[in-house]
Amino acid sequence: MRITSTSCICPVLVCLCFVQRCYGAAHHGSIKVTRNQTKHIEGETEVHHRPKRGWVWNQFFVLEEHMGPDPQYVGKLHSNSDKGDGSVKYILTGEGAGTIFIIDDTTGDIHSTKSLDREQKTHYVLHAQAIDRRTNKPLEPESEFIIKVQDINDNAPKFTDGPYIVTVPEMSEMGTSVLQVTATDADDPTYGNSARVVYSILQGQPYFSVDPKTGVIRTALHNMDREAREHYSVVIQAKDMAGQVGGLSGSTTVNITLTDVNDNPPRFPQKHYQLYVPESAQVGSAVGKIKANDADTGSNADMKYTIINGDGSGVFSITTDKETREGILSLKKPLNYEKKKSYTLNIEGANTHLDFRFSHLGPFKDVTMLKVIVGDVDEPPLFTMPAYIMEVYENAKIGTPVGTVTAHDPDAANSLVRY
């Protein structure tokens, strides 16, 4: 039989329309086959095509977590050979057939008898067959179809990596990124908003903010000062259903610590100090300590002490104790109370590691004045000569004067000397 090019197009169109109609009615629908029947356009002779019978399948859907008292209706199998007289028997095989899914072999109605969890199994592959009840001969070829478990919002977002411990430098610019947190939702991301997560901050404002879509946490204030507050506990919430009312939520804690920068100059607690040093102090010995305070930590608080001027700069020296950050004053020359009773030193304490971003907060050094009082020590009398030579005649009588020695008290009191 000759078929014109026009008539060749029509069967394809009819089949496409039929398949589209089946797909649109897939949910709790009836799935059946039909013969392809077409007519030539403009009254041409009717042509019947009788291809081999076959099942045309789409997905069925069953709602997860169904808790109703009756089995959940899934859908219906149907063959064009079924005239409604009970002669057609429908058979269901495959995953869950006979246990999870049951079929009425006369009507083709499929029901689900158990509550299903999409997060455990997303779909079931089954096979359907229609046979003649009297002869047990197949009326349709066996075909495969899928029952998909349709998602409901039964899983809250979860933060798998929390709680978090992070740091960010103090004095960071507003909007500095601190950390990105991610919550996962076991629900179906392709269906509805059950797995669409929105982030919000429950605790930690106004210091920090979170991007609702990405979960990136940022600083929200200028010039956050570690010396004022070092630790923050930020609570982030992830809510599904795009944050709408009724969505499920989960939360996590982010512990944020501000790390130190050198934004604090050293400062001496006093502008004037006084130190007592006995004149008997040994050259090279440490005779006193002085310290400038720095609110920073680590290398940002390291400093160096220097004697910058004063009449005692040639008599005393100063070094820095790296552990305690104290200035150690030592004696370079011996002291003599009777010659000089005090010295004045100007001492500078300066940071050794500067951060030029904060130079406007400086200068990162400070100066104080130290007055050293020399203490008088009771010294022994001194003879006028280290040695004396005297002569005396032999046979001199007892009590004859031989010579004279003289000593004096070097102390300011000039006490009486006894020999």
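The values are calculated or read from the model by the stated rules, or taken from the named source; none is laboratory data. Everything quoted here is computed from the prediction, not taken from an experiment. All Cβ positions, even for glycine, are placed from backbone atoms using ideal geometry, and neighbour counts span all protein chains on display. Just the protein is used for accessible areas: all its heavy atoms, side chains included, with ligands, DNA and RNA removed. Shrake-Rupley method; radii C 1.70, N 1.55, O 1.52, S 1.80 Å.
Please identify the GluC sites (Glu not before Pro) of segment 219-288 that satisfy two criteria: DSSP loop assignment and at most 15 other Cβ atoms within 10 Å. Which are they? If you can, show how the numbers build up before the last one.
Values: sites: GLU227, GLU230, GLU279; in loops: GLU227, GLU230, GLU279.
Passing both the DSSP loop test and the Cβ count: GLU227, GLU230.
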Could you pull the Cα extents of the chain along its three principal axes, largest to smallest, in whole Å? 176, 49, 39
Could I get the Rg over Rh figure for segment 59-150? Both from C-alpha atoms, Rh via Kirkwood, rounded to two places. 1.00
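Counting only heavy atoms of the protein chains, get the accessible area per residue of segment 73-142 (1.4 Å probe) and round it to a whole Å² value.
Details: 3450 Å² over 70 residues.
With all protein chains present, segment 73-142 gives 49 Å² per residue.
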In deg cm²/dmol and to the nearest 500, what is the mean residue ellipticity at 222 nm of the chain if only DSSP H runs of at least 4 residues count, each as -39500 (n - 2.57), divided by the residue total? -1500 deg cm²/dmol
So which of LYS291/LYS365; LYS121/LYS213; LYS271/LYS333; LYS271/LYS291; LYS333/LYS371; LYS333/LYS365 end up more than 23 Å apart, counting from Cα to Cα? LYS121/LYS213; LYS271/LYS333; LYS333/LYS365
If you keep only loop residues by DSSP, which trypsin sites (Lys or Arg not before Pro) in segment 220-304 have at most 15 other Cβ atoms within 10 Å of their Cβ? ARG229, LYS271
Grab the other residues whose beta carbon is less than 11 angstrom from that of GLY243, score K and R as +1, D and E as -1, and report the net. +2
Any chance you could list the semi-axes, whole Å, largest first, of the equivalent ellipsoid that the Cα gyration tensor gives for segment 163-237, using √(5λ)? 29, 11, 9
Determine the share of the chain's accessible area contributed by carbon and sulfur atoms, expressed in whole percent, with a 1.4 angstrom probe. 53
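Need the full-extension length gain, VAL377 to LYS213, defined as separation in residues times 0.36 nm minus the C-alpha distance. One decimal, nm. Provide the component values of the computation, followed by the final result.
Values: separation 164, 0.36 × 164 = 59.04 nm, distance 7.91 nm.
Contour length minus Cα-Cα distance gives 51.1 nm.
Just to be sure I understand: of the beta bridges DSSP finds with both ends in the chain, what percent are antiparallel, rounded to 5? Don't skip to the end; give the middle numbers.
On the way: 73 of 93 bridges.
Antiparallel bridges make up about 80 percent of those DSSP assigns within the chain.
Can you tell me the accessible area per residue over segment 237-390, all protein chains present, probe 1.4 angstrom, in square angstrom? Could you put the intermediate results ahead of the total?
Details: 8510 Å² over 154 residues.
Each residue of segment 237-390 exposes 55 Å² on average to a 1.4 Å probe.
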Nearest 10 degrees is fine. How inclined is helix 5-24 to the longest principal axis of the chain, computing both from alpha carbons? 60
GNM on the chain, C-alpha springs below 10 Å: top fluctuator among ALA396, ALA97, ALA128? ALA396
